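Peer 1: For reference, the structure I am asking about is given below.
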């Protein structure tokens with residue numbers, strides 16, 4: 001069985017954007033409770049991550065933007081970063097841990113301490129652009145992890161695959177002019193964030209899907225759009241923005257995937273990784289807002305990462 005690390009810090013639960021907000025602490029609580037109940041947790045190498053450093057974050061986000069986030073972090077109450085994204089006193093700590101988990105997961109996988117890794121963290125990150133926090137996201141966790149792999153570890157090629165139901169606009173913003181990084185993003189369209197859909201770069205693969213796309217259609221589209229591009233790029237590391245809000249039970253979109261579809265896409269990426277990147281995969285939690293569907297989908301994703 002593949003050795004898989006689970007990076008989780010309980011302080012990521014403390015970030016709370018208010019009652020009724022879909023990106024709630026209950027998301028992470030439901031995932032961890034379910035992994036314990038289904039017995040999968042005991043098969044994982046559980047790791048408590050540390051916060052990312054400013055230097056690590058600034059490989060993606062300019063210092064002026066990072067300074068602004070630190071300055072706007074409230075001592076009490078709430079600060080609105082955009083209409084959907086709120087900071088409270090414990091948000092910055094959670095965001096720094098979420099970014100740090102991705103960096104640490106890359107270190108573990110590239111050093112051979114683990115074959116694959118999953119970061120069970122929040123807030124998510126793939127909507128955060130270089131100079132803009134948005135869409136529930138403060139820092140772009142997967143982009144920071146990818147830049148760490150390139151800059152610190154000296155990799156020449158990585159791939160980021162994003163199967164969240166919302167397009168990874170922030171990740172595209174970070175890498176659309178960096179041919180070392182292949183970005184593949186599937187998403188419902190038209191749907192938030194309504195940007196970067198038409199980005200025309202050789203290293204950006206957008207896979208828009210209509211509302212009510214089912215699992216069979218999703219599998220056909222992603223395999224057709226992504227598989228040969230990944231094989232041609234030959235990534236030395238695959239990173240996944242693992243959003244589970246394309247599930248048919250999710251309240252924020254209209255794509256109709258089931259849990260088994262997330263296991264399928266994970267196994268497809270693992271097959272590519274075995275050929276191109278010595279099986280090295282780092283996955284970072286993004287969306288998923290029906291708590292039961294999210295927890296079950298993460299289980300299926302981890303089954304794919306562990307080879308169960």
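Read-outs: derived from the displayed coordinates by stated rules, not from any lab. These figures come from a predicted structure and were not determined experimentally. Virtual Cβ from ideal backbone geometry, glycine too; neighbours counted across all protein chains shown.
Peer 1: Relative contact order of the chain, please, whole-number percent, based on alpha carbon pairs below 8 angstrom and at least 6 residues apart. It would help to have the intermediate numbers written out before the result.
Peer 2: Values: 697 pairs, mean separation 62.6, N = 308.
Relative contact order comes out at 20 percent.
Peer 1: Rounded, prolate or oblate: which fits segment 185-308, taking a ≥ b ≥ c as square roots of the Cα gyration tensor eigenvalues, rounded meaning a/c under 1.5, else prolate when a/b beats b/c?
Peer 2: oblate
Peer 1: Still on this structure, I have one more. For the chain, what does -39500 (n - 2.57) per DSSP helix run (n ≥ 4), summed and divided by total residues, give at 222 nm, in deg cm²/dmol to the nearest 500? Working shown, then result.
Peer 2: Values: 9 runs with 119 residues, N = 308.
Helices in the chain give a 222 nm mean residue ellipticity of -12500 deg cm²/dmol.
Peer 1: Is segment 1-122 best put as rounded, prolate or oblate by its Cα gyration tensor, with a ≥ b ≥ c the root eigenvalues, rounded for a/c under 1.5, and otherwise prolate when a/b is larger than b/c, oblate when not?
Peer 2: oblate
Peer 1: Between residue 79 and residue 14, how many nm apart are label points set 7 Å from Cα along the C-beta direction?
Peer 2: 1.7 nm
Peer 1: On to the next question. In percent, what relative contact order does segment 141-280 have, based on Cα pairs under 8 Å that are 6 or more apart in sequence?
Peer 2: Reported as a whole number, the value is 27 percent.
Peer 1: Treating the chain as a set of equal point scatterers at the Cα positions, no solvent, please give the Debye-formula log₁₀ I(q)/I(0) at q = 0.10, 0.14 Å⁻¹.
Peer 2: Each listed q corresponds, in turn, to -0.46, -0.98.
Peer 1: Provide 53, 116 in ascending order of the number of other Cβ atoms located within 10 Å of each residue's Cβ, fewest first.
Peer 2: Placing the least packed residue first, the sequence is 53, 116.
Peer 1: Treat each spin label as a single point 7 Å out from the Cα along the C-beta direction, and report the residue 217 to residue 308 distance in nm.
Peer 2: Modelled inter-label distance: 3.1 nm.
Peer 1: Label segment 43-82 by shape, choosing from rounded, prolate and oblate, from the square roots a ≥ b ≥ c of the eigenvalues of the Cα gyration tensor; if a/c is under 1.5 it is rounded, and otherwise prolate applies when a/b is larger than b/c, oblate when it is not. Before the final figure, lay out each step's value.
Peer 2: Numbers: a/c = 2.94, a/b = 1.50, b/c = 1.95.
Taking the square roots of the gyration eigenvalues as a ≥ b ≥ c, segment 43-82 is oblate.
Peer 1: Same structure again: Find how many whole Å separate the alpha carbon centroid of segment 233-277 from the alpha carbon centroid of segment 3-42.
Peer 2: Taking the Cα centre of segment 233-277 as reference, the centre of segment 3-42 is 19 Å away.
Peer 1: Restricting to Cα pairs below 8 Å that are 6+ residues apart, what does the relative contact order work out to for segment 14-110? Please round to a whole percent.
Peer 2: Relative contact order, segment 14-110: 35 percent.
Peer 1: So, one more: Which order results if 200, 162 are arranged by neighbouring Cβ count within 10 Å, fewest first?
Peer 2: Ascending Cβ contact count within 10 Å gives the list 200, 162.
Peer 1: What ranking of 232, 250, 55 emerges when the number of other C-beta atoms within 10 Å of each C-beta is taken as an exposure proxy, fewest first?
Peer 2: Fewest to most other Cβ atoms nearby, the residues stand as 232, 55, 250.
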